[in-house]
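*Asks:* Submitted below is the structure of interest, expressed as structure tokens.
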Amino acid sequence: MRWSALVSEPVAAKVLVVEDNRTMLALMQYYLSKDFTVFLARSAEEALEVLQREQLHAVVSDQNLGDGLMGVDLLKRVAELQPHAARILVTASQKLEDAQKAINEARVNHFLTKPFTEQELKNTVGQAVHNAALLSIRDKMVQELKDQLGLGRGAAGKPAAGKPGAPAATPRPKTAEPQRADAKGAASQSLIPESERLAFRDGLTGLYNHRYFQEALSAGLLSARRREQKLALVLIDIDGFRRINLSRGYAEGDKLLRRVAQMVTDMMEDPVTHARSDNSSEIAARYDWDVFGVILCNADVERARTYAEKLRKAVEELDFPEGTGSGVGEVTVTAAVAVFPDQARNEQELISAAEKALRASKASGPNRLVLAPR
């Protein structure tokens, strides 16, 4: 079952707010309760009680709790008890060393600096919950692949393979082939990082795979609805890729896919500062054989159009085969843009709008950018 099928309503996300000031606590509850299920605590002790009984999506804690425990210390405990919960520290300090301590010791994901507005609070918590959901999706996919490879939960004392309820195998004496057993254990450990990559990454391009893309899009749309923001879907198709494979060879075709994939990610930058986006919910994926998919969060049609057009021009100027200087202009792409909620009300409508626009554009000729009709 897909993660998105488990979350039918945005308000399902559970958020714990820890603040010793009653007025501030009530205000934060008022702002957040419109979008989340909110739990309140006025001390670290109360917060730990909530952590013991509720599975949370995020914890928002003030740095000064007034009971001898700092917010960083509480969030450190949150990281131990519920590592998938996003951790948000509210502080009046702007010192770099304080932020470094929070990141290093408590693995704090997000910060809120006092004073903050209602929108800043909602945006920070919303983004934190969204990112935590994506991490949960990734971990679930990794665990599924580990189970398939027989690397499941053996280390935790549970069977890594075999049928449920099957009798445990009789353990061998400790003296039986210790070197082979150790080697097998080391080999299994070395496979774990590889299994994590294979679970949600495309082996050729290194981009996210189609399944992770679908899950991330579902999570992104839930977040966009909750925060009343737009979300853009961009599909990019390499024109005449089959012809390139046949004329240049499949090895060169693979090189081209990797080159264009790198360009797809390099172009994901802020349109004003031109800094590369650090928003982990904005992803690029290998959507199909020669098609890439890009999710741009909080992006209107102009931002998506700017991104797609910049990419189209960059590919048009690509030197292919690399280093020859003779192949500039040989490779082009066709791109289609669809935006939620402008052209679609849900995930399927958004995908359908982008795919239809892409097909219509390619039917009119290569090297184009088209916007899905409203």
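The values are calculated or read from the model by the stated rules, or taken from the named source; none is laboratory data. All figures in this text were calculated on a predicted structure; none of them were measured in a lab. Note that each Cβ is placed from the backbone with ideal geometry, even for glycine, and that neighbours are counted across all protein chains shown. Note: areas computed on protein heavy atoms with side chains; ligands, DNA, RNA excluded. Shrake-Rupley method; radii C 1.70, N 1.55, O 1.52, S 1.80 Å.
*Asks:* Find how much the distance from residue 352 to residue 26 grows on full extension, using 0.36 nm per residue of separation minus their present alpha carbon separation; answer in nm with one decimal.
*Replies:* Fully extending the segment from residue 352 to residue 26 adds 113.1 nm.
*Asks:* Filter the cross-link list 14/76; 14/140; 34/230; 34/76 down to pairs whose alpha-carbon distance in this structure exceeds 24 Å.
*Replies:* Exceeds cut-off: 34/76.
*Asks:* Can you give me the accessible area per residue for the stretch 12-142, using a 1.4 Å probe, in Å²?
*Replies:* 48 Å²
*Asks:* While we're here: Using amide H atoms built 1.01 Å from N in the peptide plane, name the residues 5+ places from residue 201, or on other chains, whose amide H lies under 5 Å from its own.
*Replies:* Correct list: 209.
*Asks:* Give the shape of the stretch 332-374 as rounded, prolate or oblate, defined through the alpha-carbon gyration tensor: a ≥ b ≥ c are the square roots of its eigenvalues, a/c under 1.5 means rounded, and otherwise the shape is prolate if a/b is larger than b/c and oblate if not.
*Replies:* It comes out prolate by the Cα gyration axes.
*Asks:* Also: So what are the radius of gyration and Dmax for the Cα set of the stretch 214-273, in Å?
*Replies:* Spelled out, the Cα radius of gyration and Dmax of the stretch 214-273 are 16.5, 49 Å.
*Asks:* Report, by chain and number, residues whose modeled amide H sits under 5 Å from the one on residue 13, excluding near sequence neighbours (fewer than 5 apart, same chain).
*Replies:* Residues meeting the criterion, in which the H sits 1.01 Å from N, are 37.
*Asks:* Still on this model: Looking at the stretch 19-67, which GluC sites (Glu not before Pro) are DSSP coil and have at most 15 other C-beta atoms within 10 Å of their C-beta?
*Replies:* 54
*Asks:* Still on this model: Starting from the stretch 289-357, pick out the chymotrypsin sites (Phe, Trp or Tyr not before Pro) whose DSSP state is loop and whose Cβ has at most 14 other Cβ atoms within 10 Å.
*Replies:* Hits after loop and neighbour filter: 289.
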